[in-house]
1. Please report, ordered by residue number, the helices (runs of 4 or more DSSP H) entirely within region 29-137 with at least 1 residues that are of a type in the set (Lys, Arg) and within 30 Å of Asp192 (Cβ to Cβ).
2. Looking at Lys288, Lys208, Lys226, which is the one that is within 30 Å of Tyr123 (Cα to Cα) and among the basic types (Lys, Arg)?
3. Output the residues belonging to region 258-291 that are of a type in the set (A, V, I, L, M) and either outside any loop (DSSP other than H, G, I, E, B) or closer than 16 Å to Thr157 by Cα (or both).
4. Test Ser399 against the criterion of being touching a helix residue (DSSP H, G or I) at 6+ places or on another chain (Cβ under 7 Å), closer than 19 Å to Tyr482 by Cα, buried (at least 19 other Cβ atoms within 10 Å of the Cβ) and of a type in the set (Gly, Ala, Ser), and give yes or no.
5. Please state which one of Ala170, Ala100 is surrounded by fewer than 16 Cβ atoms within 10 Å (Cβ to Cβ) and at pLDDT 95 or above.
6. Restricting to region 292-308, give me the number of residues that are in a helix (DSSP H, G or I) and either more than 21 Å from Asp379 (Cβ to Cβ) or touching a Gly at 6+ places or on another chain (Cβ under 9 Å) (or both).
7. Does region 19-39 contain any residue that is closer than 26 Å to Val152 by Cα, touching a residue at least 12 places away in the same chain (Cβ under 8 Å) and among the charged types (D, E, K, R)?
8. Out of Leu80, Leu30, report the one residue that is modelled with pLDDT under 95 and buried (at least 17 other Cβ atoms within 10 Å of the Cβ).
Amino acid sequence: MAEEKNIGLTVKKEENFSEWYQQVIIKSDLADYSCVSGCMIFRPACYSMWEVVQKTVDARFKKMGIQNAYFPLLIPEKLLSKEAEHVEGFSPEVAWVTHAGDSKLDERLAIRPTSETIMYDSYAKWIRSWRDLPLRLNQWNNVVRWEFKHPVALLRTREFLWNEGHTAFATQVAAEAEKEQVLEIYNDFIRDYMALYGVVGRKTEKEKFAGAEYTYAIEHFLPSGKGIQGPDFHHDGQKFAKAFDIKFLDQDGQEQYVWQNTFAITTRMLGVMIGIHGDNKGLVVPPKMAFNKVVIVPIIFGERKDDIIAAADKIREMLSEYEPLLDDREGHTPGWKFNEWELKGIPIRIEIGPKDLDAQQAVVVVRDTGEKNFIKINDLKSALPELMEAMHKRLYDKSKELMESSIIDVDDYDSFKQVIKDKRLVKAYFCGYPECEEHIKTDTGGAGSRCIPSDGENIGEGHTCVRCGNSAKCRPIFGKSY
């Protein structure tokens, strides 16, 4: 047998999260870096996870009347400049196309950082009457945002994949009612498929989406000590409608501007899932997110080889709905194979050797605990759903415990700074002023507000800002972030 190369991780998650994360991404064959700085390659295992996001979320969108469309990747500069607050928020991140071959273009074209401007130019042409509303379109596409120095695969890349929903309504009430629907879809998916717990809350004025009236997001916390934003929803009011002249005649024949929303979930969530669930053996993939949910490893010995492989193949056929892999490769020990599949995060490993064959059983190992279960071969199909459901629940509960135990309530600024220094999240009363938030960011080396959870929005009177001492308007969660 050829010498087996060690393919495992060389650092521990709790000792060096950043290096651990990079190794997990690369060594598990999940993704790779490309020759373009900040742009990554989604290998099949990774892209299949994104397909789960697309398929599941898209089905829910369609049920609520949202339709898919596609708009151009390239956006003329004159369109991008129409909404001042929006363009100011994105201008540092925009990549420009200036030439076609050797010829300079008459007008620069932005590579899509987001699609409001290119879409709303068409909305202005399509919407004429109240009968044209609501208009609810979504794109599954890629965007490019260039401004940052330290790319991290999936978590912070210059090009990423997402959905971007863009909806228009006749009234503010109808537009704002969409918020709960969309956030429920995102939160259900994150909980029921990714086994992740998140805190839903409103963004501060400083952190809201450029051009929005307000932003709500689902926030997460990574073991690195940093918060990270998940899916979000923006109510844009009539800002873009007025900038792009999106008007309609209401039922009384009066001309009105539409009310608009935007919302998104991105491939960043795959990185959040990996960072929270992974361990020192590698990936831990929640069963619903794994394309191959099962790997079968026959333990082969001499003259029983053919019988064992035949039994393993029978198991593979029996469990076909889980897209099982049969690892009957020669030249590697069973232990080496176990390590490889643990690194790649396959939820369930099934082992079968001579003794198991005699007992008509298999050894079933669950990825997150390493627990071994001895199950009769004929009972495997009925046993696996319960094992996978229990694994999912453990991962979710662990994610929730990580988030909740990391949020520390404080009332004074010294304690605030110490908690941030300890790589945790702070919940504190806050005046809401962007200038004060900028001071906090400077004082703490980068900590900003993550979101204002529901119990931090209507705080009543008599509270003062943890930093400036002025009257507090809310009680956000603060922390450093990616």
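The values are calculated or read from the model by the stated rules, or taken from the named source; none is laboratory data. Here the structure is a predicted model, which means the values were calculated and not measured. Positions of Cβ are generated from backbone atoms using ideal geometry, with glycine treated the same way; all protein chains shown enter the neighbour counts.
1. In region 29-137, 44-63 are the helices (runs of 4 or more DSSP H) which contain 1 or more residues that are of a type in the set (Lys, Arg) and within 30 Å of Asp192 (Cβ to Cβ).
2. So the residue among Lys288, Lys208, Lys226 that is within 30 Å of Tyr123 (Cα to Cα) and among the basic types (Lys, Arg) is Lys208.
3. Selection gives Ala264, Ile265, Met269, Leu270, Val272, Met273, Ile274, Ile276, Met289.
4. yes
5. On the way: Ala170 fails: surrounded by fewer than 16 Cβ atoms within 10 Å (Cβ to Cβ).
Sole residue among the options that is surrounded by fewer than 16 Cβ atoms within 10 Å (Cβ to Cβ) and at pLDDT 95 or above: Ala100.
6. Going through region 292-308 one residue at a time, the tally reaches 6.
7. Yes: region 19-39 contains one or more residues that are closer than 26 Å to Val152 by Cα, touching a residue at least 12 places away in the same chain (Cβ under 8 Å) and among the charged types (D, E, K, R).
8. Details: Leu30 fails: modelled with pLDDT under 95.
Leu80 is the lone residue from the list that is modelled with pLDDT under 95 and buried (at least 17 other Cβ atoms within 10 Å of the Cβ).
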